Amino acid sequence: YEPSGAEIEWKNKEEEQNGDATEAITNGIGKLKVLDMDENTKGIPKFWMYALKNANDECLMGMVEVHDEPVLEHLTDITVHLNEQQNNGFTLKFHFTENPYMSNTVLTKEYTLREDPDPESPLEYDGPEIISCKGCPIDWKAGKDVTKTTVKVKKLKPKKGKTPEKELTKEVRADSFFNFFNPPEHTGGKEEEMSDEDRGTLAMDFDVGFAIKEKLVPRAVLYFTGEAFDEEDEDFEDLDTEEEEEDSDDMD
């Protein structure tokens, strides 16, 4: 047998590896262009906006609205700061670049926890719970407040020979992620003193705050790529497999 053609060509493994690496880099740059990025781009533009959008249903209870997205494009980081001295809470800090929507560069949300049982209901203790939260004012620039919208109230018909009809409008609260920084005031008082609406809003607020701290921030990359949901699907699959095996063993 006499080898011929491609069989007698000397293959340099180092060159092959370099070639594969070059191809990967080229493909990577191509993908960056799709995301409005190039090789000189620092970080991942709009990273946190996409992470929040992908986590919107699971962590944020659908708080992120379409009109929030242009503002969230300027969000560069979310950090968690623990109250280490008293160990009774944490603060979420949302860091923004300079932008045309607001003057703030950092928005904060502070949570206070009760570590011990409520003296008035000690038997209902189910671990640490949030007893109060505090947002921060947002300095919106003129005409850029996404937490408010203008609605028409009614039309005023003109009198004969007078000016044309006018529309009466009023400004109302709009659904927005940024309402998260303006929660109902609650400083740990009795729940009976709160309205049902405020009680429900605070319950949702507490859940969102914990989800951002425990899920979104530690797994931001996975939410950005969508892999966070793949992991959950795998967990369910593993659980189903284990249950099937147990059922099979019982039948044997």
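Summarising the label geometry, the points placed 7 Å from Cα in the beta-carbon direction at VAL66 and GLU214 lie 3.4 nm from one another.
The candidates MET61, MET204, MET102, arranged from most to least accessible area with a 1.4 Å probe in the full protein assembly, appear as MET61, MET204, MET102.
The order of ASP77, ASP139 by accessible area, most exposed first and with a 1.4 Å probe, is ASP139, ASP77.
Each of SER195, SER103 has its accessible area taken with a 1.4 Å probe; listed largest first, they run SER103, SER195. What is the sum of charges, Lys and Arg at +1 and Asp and Glu at -1, for the other residues whose Cβ falls under 14 Å from the Cβ of LYS170? Computed value for this residue: +4. Computed extension length for THR97-ARG173: 24.8 nm, one decimal, from 0.36 nm per residue of separation with the Cα-Cα distance subtracted.
The values are calculated or read from the model by the stated rules, or taken from the named source; none is laboratory data. Because the structure is predicted, anything quoted here is derived from the model rather than measured. Using ideal geometry, Cβ is built from the backbone for each residue, glycine included, and neighbour counts are taken over all protein chains shown. Remember, those area values only see protein heavy atoms, side chains included, never the ligands or the DNA or RNA. Shrake-Rupley method; radii C 1.70, N 1.55, O 1.52, S 1.80 Å.
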